[in-house]
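Reviewing the structure listed below.
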Amino acid sequence: MTHAPRLPLAVGLPMAVASGLAIPVQGRINGALGARLGDGIAAAVVSFSTGLIVMVIVSLLAPRGRAGLAQILPALRERRFPPYYALAGGIGAFFVFAQSFTVGLLGIALFTVATVTGQTLSGLLVDRLGIGPAGKKSVTGIRVIGCILTIAAVSWAVSPRFAGGGAGAAGAAGSAAAGGAAEPAALLLPIILPVLAGFLMSFQQAMNGTATVHYGTPIAATLVNFIAGTCVLWVAWSIKVAVAGPANPLPGEWWYYLGGPMGCVFIGLGALLVRSLGVLVTGLGMIAGQLLGSLGLDLLVPTPGTVVEAATVLGTLLTLASIVVATLPWPRGAFRR
């Protein structure tokens, strides 16, 4: 087991925000790849597979990677942590499933709010249970306020997209008008899936963080994460091909294959940071980075029809403020529950 010093908040939190910047970049790339292939699951398979290739290369070439690689099997055989932690990558695969199947129905705005709500709530729970390597962290009033502010801020930041959340969202709204009371029930599962996917993301971070402590490096934990997720997605894609046939041919442009390396960045940094920051603060930092990255993409590389409105900018700033609130050094016992 490694005994590397924990990062101070002033260092770890900016790293969490920086890692979150990779999430919207990956989403933009994988979304374009899915449209090009005509198959969201195939795009996820390509993303996870390229990420796995990157992690295999890093694990073999980097000295810390080779050291971590040598610790994977002994850690699992000796049950230094629950063996099912090695399956954390399956949660990432489930997130991709939820994204592929529900964004078209709900629109990206509602999907984002649903996942952030689930992740924020589970961050409190995971820290309280002490599942991650940072140990137990009490549910204090100030942390709850920070979570509520985060959900409100993200809702505000994406609110301009609710009016034009995509064909799926518009179609769902139209069906609701035509179908009356039956439509809310029809949308129940599409809403539950992203909430559940976001809820499980905190557990994935905690499991990867614990594995990192015992492997001695986040490189090994990230590698195992990609192995599990890639296996799940290849099985799912094989079933899809057997039922509906293959997707379009792979594109030749190199940038379509950068989604996997982006995933390596935020999964690896997340596994490293949860030991120092805890699951909740790590998640909040990544959420802030995700909004900042989305705002940057919309400003610098906008998609057709994109308009950056004041609510998006102000909601992003409020998200940053909510992280400050959640991490304030309040006196011990203040607002404790």
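The values are calculated or read from the model by the stated rules, or taken from the named source; none is laboratory data. Just so we're clear, the structure is a prediction, and the values are computed from it rather than from any experiment. Here Cβ is always computed from backbone atoms with ideal geometry, including for glycine, and neighbour counts include all displayed protein chains. Accessible surface areas use protein heavy atoms only, side chains included; no ligands, DNA or RNA. Shrake-Rupley method; radii C 1.70, N 1.55, O 1.52, S 1.80 Å.
In sequence order, region 194-203 has phi-based couplings of x, 4, 5, 4, x, 4, 6, 4, 5, 5 Hz under the Karplus curve 6.51 cos²θ - 1.76 cosθ + 1.60, θ = phi - 60°, and Gly or Pro positions carry x.
Here the dipole of region 1-122 is about 360 debye; that uses its Cα centre as origin and unit charges on the Cβ of Lys and Arg (positive) and Asp and Glu (negative).
Remark: relative contact order (region 194-337) = 27 percent; criterion is Cα-Cα distance under 8 angstrom and separation of 6 or more residues.
Applying a 10 Å radius around every beta-carbon, put 137-143, 124-130, 267-273 in order of their mean neighbour count, most first.
Numbers: 137-143: 17.4, 124-130: 19.6, 267-273: 27.0.
Taking the mean over residues of other Cβ atoms within 10 Å, the ranking is 267-273, 124-130, 137-143.
Can you give the Kirkwood hydrodynamic radius of region 1-62 from its Cα pairs, in Å with one decimal?
14.3
How large a share of the accessible area of region 14-96, in percent, is made up of carbon and sulfur atoms when the probe is 1.4 Å and the other protein chains stay in place? Show your work: numbers first, answer last.
Working: 2680 of 3730 Å².
With neighbouring chains kept in place, the figure for region 14-96 is 72 percent.
If R0 is taken as 30 Å, the Cβ-Cβ distance between Leu314 and Ile239 corresponds to a FRET efficiency of 0.10. Each other residue within a Cβ distance under 13 Å of Leu272 adds +1 if Lys or Arg and -1 if Asp or Glu, for a net charge of +3.
Just the number please: accessible area per residue for region 191-267, 1.4 Å probe, all protein chains included, in Å². Numbers along the way, then the final one.
On the way: 3140 Å² over 77 residues.
Per-residue accessible area for region 191-267 comes out at 41 Å².
Pull out a ≥ b ≥ c, the square roots of the eigenvalues of the alpha-carbon gyration tensor of region 57-101, then state rounded if a/c is under 1.5, prolate if not and a/b is larger than b/c, and oblate in the remaining case.
Numbers: a/c = 5.31, a/b = 1.53, b/c = 3.48.
Oblate, since a/c reaches 1.5 and b/c is not below a/b.
These residues, Phe101, Phe199, go from largest to smallest accessible area, 1.4 Å probe, as Phe101, Phe199.
Just to verify a number: FRET efficiency for Arg6 and Lys136, C-beta to C-beta distance, R0 = 22 Å, to 0.05? Walk me through the numbers before you get to the answer.
Values: r = 15 Å, r/R0 = 0.70.
The pair Arg6/Lys136 has a calculated efficiency of 0.90.
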